[in-house]
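**Student:** The structure follows.
The values are calculated or read from the model by the stated rules, or taken from the named source; none is laboratory data. Source: prediction; values computed, not measured. With ideal geometry, Cβ positions are generated from the backbone for all residues, glycine too; neighbour counts draw on all protein chains shown. Note: accessible area is taken over every heavy atom of the protein model, side chains too, but ligands, DNA and RNA are not part of it. Shrake-Rupley method; radii C 1.70, N 1.55, O 1.52, S 1.80 Å.
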Amino acid sequence: MGLTVRTDSRRRRTRLVVAALGVASILPVMQSVSRAGAVDRGTRIASMVARLTPAEKLALVQAEMTPAQGGGPMIVTLPGVPRVGLPALRMALGDGPGLPSPLALMATWDTDLARRAGLAHAHAVRAAGRAIVPMGGVGPVPTGRTRDGEDPLLSGRVMGGAASGLLAGHVLPLFGGKGVAGPGATRADRLLGLYLAMEQARGAGILCRTAIADAHPAATWTGGGRSAMDGISGMIAELADREVAGDGMARQPFLLATLAAGVDLEGSPATDTLFAVVLRQAVSGGAVQPATLDRMIAHILLPLDQAGVIDRPPPFGALGTVQPPHDPLAEEELAEGAVLLRNENDVLPLATTGGATADGPVLIVGAGAAHDAARALVEALGRTGQAARLAADSPGGGHSPADVARADRIVVFSEGPQDDRLIAAIAGSGGHVVVVLLSDDPDRPMPWLDLVDGVVQAWSWRGGGEAALAALLTGQRDFAGRLPATFTGGQVPAQVSLSGYKAFDRAHVAPLFPFGYGLSVRARFSYSDLRVTRDGTRLVVSFGVTNSGSGAGRDVPQVYLDLPAGVGDAPKRLVGWRVVQLEPGQAARLSLGIDAHLLGQWHPATLEWVVPAGDYALSLGAHSANLVRQAMVHLPELHVPGALPDSESE
């Protein structure tokens, strides 16, 4: 389904179109899917479309948008036609607490947990009267590493898992968000992440982006070529233009370009929109054939039907507030997604300092909005048997609370750079300091890093995970999260076409903390015997992993591919990983399959992935900057149709 969101600009003679996009249903039109009662989905939708009147068809391609009131979200309603069994369905733009932060979820590297998180959120969304929910992590237009991460395989697999959970709970995921459209905005790696996510979601979903652009043909957004999404049903480039003033005939070229780009649904709070006025005139005048309108409606209805929201719509009463997923899921997300970045002087676990039992309670400092998180942690630590107390309020101006000078161990919650002076002041008190970061900013500078003993990345957690954080800090559970984005410290190499770990690799610069990085307190993992074999158009990689540490731990061994010289724009790319839990002294042999789509380059002219002939190196390690095992494989030139496997091979 394609969605274009438009807003009125009364200060100009022309209207500024804020397009959200073409949202394209990635479900093949009239895909045959068996249903109870032996009625195939395509036949059912075709029958529903045939029963609609021309006026009903034109109404169905226009989403109703209710402007935000009283600080609430804007509500988008897909109109229904009750007489043919089609309910009205709603979603909220800019709603309250929703899915966990995309980066926090990606930091678990756990697709099963992501699916369960999506299912839990689906229950909350439906209870609040919504049938469609926006989600981050992947989409047609970049929204920044804070929302997207930086690797298409990780983003696609994890957020695709969350999408499959939403679908299992009869909620349709909307992929995309606010971004700036323009040449190069839809890059090959971004399409790959979206492609993988849609495959995890079995093709059901909506693509949406919000962008402001001058009047250009939609195809300029993708260089005029077809994308990897065409391998499923066609990646739809949308028109996000400033419309031409005038009557329907003057605006008709923009309408035809929009339809050619695949836009199926337009949303607007105005009444004289492209679909409301110009499409109606074009259909009645013969410029747009009725069959085109029928296909648009089929594109809209098919993913809705696949999500089950046509037969099982949420209650269409007063919209409630979406509540965040309930414990124990929030605890598990934080337990698996919190990343230990630094642990000097064995400051963690908190129960010991320098190997000896520490006296005195741990002091917990939380400034501003982090105060509630600090209070919750004090209570959670108390339940573990670890004495802790909340620090007195800071006097401000970067000065530390008065009781810091008397504390041996201090945990400081920080939401951003505004806390840098406070952290430095506390670190100068002589105590052992652990900083817990409560933000999703991978580019945050840490000028105090060498002054503190420990750093924990807890993402945008604000509550509901305090028991998990207490267990991690006291050593009752080991840290297991791995960074889903390079932590740059604010220093980013100037690489025009690359970002994240690929940019650092190309520039031969070491980041503050590399992609995939994460420490354990007691577990120590090592890797051995990396082997790679070819199985048709895919590779099978196997290796050994051993925990030689003193405690049980969860590891995420990662496999990267080095392309032959002259192929691709980055030295290496992530092509697979496994998640494994090992007891002290335990070893395991793991394997994973690497599909050829992850090895090659997309060729839009032939709608296939092409793997150039050459020698490929596969490297295994704990993160992108610590690859300790390597194996070589020679591949002939391979051509693979534009389709991806349903899920990662085990």
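**Student:** Within the range 458-474, does at least one residue satisfy the condition of being of a type in the set (A, V, I, L, M, F, W, C) and open to solvent by 20 Å² or more (accessible area, probe 1.4 Å)?
**Tutor:** Yes, the range 458-474 contains a residue that is of a type in the set (A, V, I, L, M, F, W, C) and open to solvent by 20 Å² or more (accessible area, probe 1.4 Å).
**Student:** Sticking with this one: Is it true that SER520 is out of contact with any Cys (no Cβ under 9 Å at 6 or more places or on another chain), of a type in the set (S, T, N, Q) and either assigned by the TED database to the domain that holds ALA369 or surrounded by fewer than 16 Cβ atoms within 10 Å (Cβ to Cβ) (or both)?
**Tutor:** Here the answer is no, as SER520 does not meet what is asked.
**Student:** Right, another one. Within the bounds of the range 523-532, is there any residue that is small (Gly, Ala, Ser) and open to solvent by 20 Å² or more (accessible area, probe 1.4 Å)?
**Tutor:** Among the residues of the range 523-532, at least one is small (Gly, Ala, Ser) and open to solvent by 20 Å² or more (accessible area, probe 1.4 Å), which makes the answer yes.
Residue by residue, here is whether (1) surrounded by fewer than 23 Cβ atoms within 10 Å (Cβ to Cβ); (2) at pLDDT below 90 holds:
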{"position": "ASP359", "(1), (2)": "yes, yes"}
{"position": "GLY368", "(1), (2)": "yes, yes"}
{"position": "ARG375", "(1), (2)": "yes, no"}
{"position": "ARG389", "(1), (2)": "yes, no"}
{"position": "PRO401", "(1), (2)": "yes, yes"}
{"position": "SER414", "(1), (2)": "no, no"}
{"position": "GLN418", "(1), (2)": "yes, no"}
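**Student:** Then there is this: With the requirement that a residue be among the aliphatic types (A, V, I, L, M), over 30 Å from GLY500 (Cβ atoms) and surrounded by fewer than 20 Cβ atoms within 10 Å (Cβ to Cβ), what does the range 420-442 give you?
**Tutor:** ALA425
**Student:** Any idea which of ARG573, ARG629 is modelled with pLDDT of 85 or more, closer than 18 Å to ALA188 by Cα and open to solvent by 40 Å² or more (accessible area, probe 1.4 Å)?
**Tutor:** Just a single option satisfies the conditions, and that option is ARG573.
**Student:** Would a scan of the range 561-568 turn up a residue that is outside any loop (DSSP other than H, G, I, E, B) and buried (at least 17 other Cβ atoms within 10 Å of the Cβ)?
**Tutor:** Yes: the range 561-568 contains one or more residues that are outside any loop (DSSP other than H, G, I, E, B) and buried (at least 17 other Cβ atoms within 10 Å of the Cβ).
**Student:** Suppose we keep only residues that are in a loop (DSSP other than H, G, I, E, B) and free of Cβ contacts under 8 Å to residues at least 24 places away in the same chain within the range 274-310. Which one would you say is nearest to ILE132 (Cα to Cα)?
**Tutor:** Looking at residues that are in a loop (DSSP other than H, G, I, E, B) and free of Cβ contacts under 8 Å to residues at least 24 places away in the same chain, I get GLN289.
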